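**Q** This is the structure I want to talk about, given as structure tokens.
The values are calculated or read from the model by the stated rules, or taken from the named source; none is laboratory data. If you're wondering where the values come from, they're calculated on a predicted model, not measured in any experiment. We place every Cβ from the backbone using ideal geometry, glycine too, and count neighbours over all the protein chains shown. Quick note on the areas: whole protein, heavy atoms, side chains included, nothing else; ligands and nucleic acids left out. Shrake-Rupley method; radii C 1.70, N 1.55, O 1.52, S 1.80 Å.
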Amino acid sequence: MKGLSVSPDGTAVAQTGNLLGDLAQGLWDQGQRALPHGTCPYVGIGGHASFGGYGFFSRKAGLLLDTVQSAEVVLANGTLTTASATQNPDLFWALRGAGPSFGIVTAWTFATLAAPPVVIDFEINFGAFVPENLTAALISYQAFGSTAPREISMQAVLGPSNGGIYLSFDGDYYGSLDDFHSIFDPWVETLPSFERNVSATSMNWIDAQVAKDGDLSTSSPEPHDTFFAKSLLISEPSTNASLSAWVNYLFDHGISPATNWFVEIDMWGGAIADPPSTSTSFAHRDAIFGYQFYASSKNGAPPYPSSGFSFLNEMVATLNNGNLSAPAYPNYIDPTLSPNESHVAYYGTGFSRLSQIKSAFDPENLFSSNQSIPLSVPPSTTSSAPQETPTSQKNSSPHPTAVHRRFIEYIILFIFYIIFDSVNTFF
Ligand SMILES: Cc1cc2nc3c(=O)[nH]c(=O)nc-3n(C[C@H](O)[C@H](O)[C@H](O)COP(=O)(O)OP(=O)(O)OC[C@H]3O[C@@H](n4cnc5c(N)ncnc54)[C@H](O)[C@@H]3O)c2cc1C
């Protein structure tokens with residue numbers, strides 16, 4: 001299911017067998033079009049757009065789910081339907097932020113953009129740090145990112161290196177090299193005067209994707225990893241004291257742990273914050289930074305070391321005071337959160353509306369996992385209408401209730417039994 005076609009008006013229909021590498025390359029090939037999305041070529045567009053879809057272009061153009069105009073989706077009752085602002089609007093709302101609990105999206109229709117004519121691909125790599133300088137660099141990054149224009153997007157990456165902690169910054173600027181330097185250089189001057197390498201290169205959109213993501217081709221199998229990830233989406237800058245405590249934790253526990261690890265701190269804000277907070281079920285429009293914490297087994301193969309869970313959990317706890325329900329990004333799913341913690345962390349105040357829509361579209365909770373959206377009423381009463389029936393359900397084609405379906409199953413089983421019994425008697 002890798003169909004991808006772009007209409008003359010820039011609308012693209014992409015089947016969900018496409019991965020991000022296929023999407024970026026296919027849009028470029030069909031008229032130099034572009035979308036905001038993540039950087040890994042092997043990530044699928046089904047989950048990615050359902051839960052968000054963040055990439056460097058997001059500060060300028062939003063999350064991938066913000067570009068969705070409609071979705072073709074298979075519902076729990078087996079029907080293929082369309083969800084859009086005018087068809088099944090409740091389902092459309094739910095799919096953009098919590099999609100996997102509601103159906104299987106078979107194709108997205110995206111509103112694509114003309115690819116920016118010039119992208120400045122930049123990075124800063126530092127030599128080894130001492131804790132004070134690392135903290136100072138993060139405080140400076142946080143101050144810059146909280147107010148930076150949306151044309152610039154950046155991530156800080158940290159991890160263990162040669163008995164210390166490394167830090168690098170890299171990102172994209174959508175504009176001229178001169179404009180980039182006028183914004184970037186004054187900030188670089190505020191960083192600790194430490195050995196560092198700064199580079200900035202002007203290139204076209206597709207070369208910038210390759211520069212960040214590597215080869216966009218997805219024809220060979222992706223190497224596996226055995227990892228545990230967590231995330232935080234923060235809407236207020238962290239205090240200097242908590243950044244300092246966090247950096248101390250990294251130096252105390254992160255230099256030679258039982259796992260490989262890295263942390264990415266992405267600049268959010270900009271166009272991500274433009275849509276009204278209730279326009280989709282994505283809950284954290286006010287995030288100004290997204291943290292991704294990632295640890296993996298040393299050789300990438302199972303098992304994941306058990307100490308790796310506490311290592312990452314405590315690393316996050318030093319930043320959020322151990323609040324397990326702090327806002328988090330559902331695309332970086334954390335299996336150690338309880339259902340309740342994950343519901344608050346991922347879906348915030350939209351959770352109860354999601355639960356009502358769930359009862360209307362998936363009354364038997366077919367699309368379920370430990371952290372999925374549960375039904376709003378106990379399963380034993382799902383055959384009766386939910387208290388507040390979403391309008392979309394009234395518009396969609398009628399389907400049998402749980403009780404009807406079970407009755408039909410019994411009849412079929414009974415007929416099979418009669419046939420089997422008669423054949424047996426005959427022989
Ligand atoms: C190496 C790597 C790099 C990443 N980089 C980024 C990044 O830069 N930015 C970012 O935002 N995220 C990033 N992610 C996270 C990524 O967006 C999520 O893991 C995403 O959910 C994966 O989508 P998938 O389609 O591959 O789904 P899977 O991993 O197969 O599934 C994830 C969830 O989506 C559901 N799902 C999958 N397809 C569909 C569908 N068609 N309809 C309904 N539900 C579906 C699944 O049931 C499951 O619940 C990265 C992940 C990895 C592993």
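**Q** Are any residues in the range 153-204 open to solvent by 60 Å² or more (accessible area, probe 1.4 Å), within 29 Å of the chain's Cα centre (by Cα) and free of Cβ contacts under 8 Å to residues at least 60 places away in the same chain, and if so, which ones?
**A** Once the filter is applied, which keeps residues that are open to solvent by 60 Å² or more (accessible area, probe 1.4 Å), within 29 Å of the chain's Cα centre (by Cα) and free of Cβ contacts under 8 Å to residues at least 60 places away in the same chain, the range 153-204 yields only Tyr166.
**Q** While we're on this one: Tell me yes or no: at least one residue of the range 355-364 is at pLDDT 95 or above, over 18 Å from the mean Cα position of the chain (by Cα) and within 30 Å of Phe144 (Cα to Cα). Give the derivation first.
**A** Our first condition is that a residue be at pLDDT 95 or above; within the range 355-364, this holds for 355-364.
Subsequent filtering for residues that are over 18 Å from the mean Cα position of the chain (by Cα) retains 355-364.
Next, from what is left, pick out any that are within 30 Å of Phe144 (Cα to Cα): none.
No - not one qualifying residue is present in the range 355-364.
**Q** State the number of residues belonging to the range 1-21 that are in contact with a helix residue (DSSP H, G or I) (Cβ under 8 Å, 6 or more places away or on another chain) and under 28 Å from Ser101 (Cα atoms). Give the derivation first.
**A** If we filter the range 1-21 for residues that are in contact with a helix residue (DSSP H, G or I) (Cβ under 8 Å, 6 or more places away or on another chain), which is where we start, we get 2, 4, 6, 12, 14, 16, 18-21.
Narrowing the set further to residues that are under 28 Å from Ser101 (Cα atoms) leaves 2, 4, 12, 14, 16, 18-21.
Within the range 1-21, residues that are in contact with a helix residue (DSSP H, G or I) (Cβ under 8 Å, 6 or more places away or on another chain) and under 28 Å from Ser101 (Cα atoms) number 9.
**Q** Follow-up question, since we're still on this one. Which ranges mark the strands (runs of 3 or more DSSP E) fully within the range 48-147 that have 1 or more residues being among the charged types (D, E, K, R)?
**A** Ranges flagged: 68-74, 119-126.
**Q** I want to confirm something. Restricting to the range 321-332 and keeping residues that are touching a strand residue (DSSP E or B) at 6+ places or on another chain (Cβ under 9 Å) and open to solvent by 30 Å² or more (accessible area, probe 1.4 Å), which single residue is farthest from Leu243 (Cα to Cα)? Full working, then the answer.
**A** To start, the set of residues in the range 321-332 that are touching a strand residue (DSSP E or B) at 6+ places or on another chain (Cβ under 9 Å) comprises 326-332.
Filter once more, so that each one left must be open to solvent by 30 Å² or more (accessible area, probe 1.4 Å): 327, 331-332.
Numbers: Pro327: 18, Asn331: 24, Tyr332: 22 Å.
Checking each candidate, the answer is Asn331.
**Q** Another question about this same structure. Going through the range 110-139 one residue at a time, which ones are open to solvent by 20 Å² or more (accessible area, probe 1.4 Å), out of contact with any Lys or Arg (no Cβ under 6 Å at 6 or more places or on another chain) and farther than 30 Å from Leu27 by Cβ?
**A** Asn125, Ala128, Val130, Pro131, Glu132, Asn133, Ala136, Ile139, listed by residue number.
**Q** State all residues of the range 12-42 that are more than 21 Å from Val73 (Cα to Cα), part of a strand (DSSP E or B) and within 16 Å of the ligand (Cβ to nearest atom); if no residue qualifies, say none.
**A** Ala34, the sole residue that qualifies.
**Q** Which count do you get for residues in the range 93-109 that are charged (D, E, K, R) and open to solvent by less than 20 Å² (accessible area, probe 1.4 Å)? Break it down stepwise before answering.
**A** We begin by selecting, within the range 93-109, every residue charged (D, E, K, R); these are 96.
Next, only the ones that are open to solvent by less than 20 Å² (accessible area, probe 1.4 Å) stay: none.
Adding up the residues that qualify gives 0.
**Q** Report, by residue number, each residue of the range 233-282 that is of a type outside the set (A, V, I, L, M), within 15 Å of Ala156 (Cα to Cα) and either in the same structural domain as Gly97 (by the TED database) or in a helix (DSSP H, G or I) (or both).
**A** Answer for the range 233-282, where residues must be of a type outside the set (A, V, I, L, M), within 15 Å of Ala156 (Cα to Cα) and either in the same structural domain as Gly97 (by the TED database) or in a helix (DSSP H, G or I) (or both): just Trp246.
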